[in-house]
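Just below is one structure, and these are the notes that go with it.
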Amino acid sequence: MSLMKDFKEFALKGNVIDLAIAVVIGAAFGKVVTSLVNDIIMPIIGTFTGGIDFSKKMVILHPAVLDATGKVIKPENALTYGNFINAIIMFLIIAFSIFIVMRSFVTMQKKFQKAKEEAPVPAPAPTPDQQLLTEIRDLLKNRN
């Protein structure tokens, strides 16, 4: 029973839940970036490079083997370097996006820290002993 209790405490900690949320958001963000690269950026790059579709770029190592009817007996073996180029572009976009988010976060943190440092710190309330000493001092001043 101790194992289940320990697991429950671990699973319900805030950090684990935050991590799970981050993974889900990261997966969704990955799909958005994939669509951005495949549907927007790569066609633009293809336009500038004369209509080249990088996702179809490959080096065929062994062509497919077909029988007399045209049925594939052995599929082709190819290095699909175009997909690798797309993956690199996606990585750069994701890395840049994370960089922008983190940079914004650090900038906001610095602003909040600066505002916190510039804010006047209220004087602490006097302790009962200090209040008593103040009253004695005032009485002695009025006595003379």
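No value in this document is a laboratory result; all are computed from the given coordinates. Here the structure is a predicted model, which means the values were calculated and not measured. Don't worry about glycine lacking a Cβ; one is built from the backbone with ideal geometry, like all the others, and counts go over all protein chains shown.
Six or more apart or on different chains, Cβ under 8 Å: which pairs go from a residue in the stretch 97-112 that's hydroxyl-bearing (S, T, Y) to one that's surrounded by 10 or more Cβ atoms within 10 Å (Cβ to Cβ)? Could you list them?
Between residues of the stretch 97-112 that are hydroxyl-bearing (S, T, Y) and residues that are surrounded by 10 or more Cβ atoms within 10 Å (Cβ to Cβ), the close pairs are S97/F29; S97/V33.
Test of understanding: among I136, I94, which residue is in contact (Cβ under 8 Å) with a residue 40 or more places away in the chain and among the aliphatic types (A, V, I, L, M)?
It is I94.
Report whether or not V59 is over 24 Å from V32 (Cβ atoms) and in contact with a Phe, Trp or Tyr (Cβ under 9 Å, 6 or more places away or on another chain).
Criteria met by V59.
T47 fails exactly one of the following numbered conditions: (1) under 20 Å from F91 (Cβ atoms); (2) over 17 Å from the mean Cα position of the chain (by Cα). What is the number of that condition?
Among (1) under 20 Å from F91 (Cβ atoms); (2) over 17 Å from the mean Cα position of the chain (by Cα), the lone unmet condition for T47 is (1).
For the stretch 89-136, what are the residues that are surrounded by 11 or more Cβ atoms within 10 Å (Cβ to Cβ) and either of a type in the set (G, A, S) or under 30 Å from K57 (Cα atoms) (or both)?
I89, M90, F91, L92, I93, I94, S97, I98
Do you know which residues across the stretch 110-144 are assigned to a helix (DSSP H, G or I) and among the small types (G, A, S)? Please lay out each step first, then the result.
So the first thing to find is which residues in the stretch 110-144 are assigned to a helix (DSSP H, G or I), and the list is 110-118, 128-143.
Result: A115, single match.
Can you confirm whether the stretch 66-84 contains a residue that is closer than 30 Å to V37 by Cα, within 22 Å of the chain's Cα centre (by Cα) and of a type outside the set (S, T, N, Q)?
no
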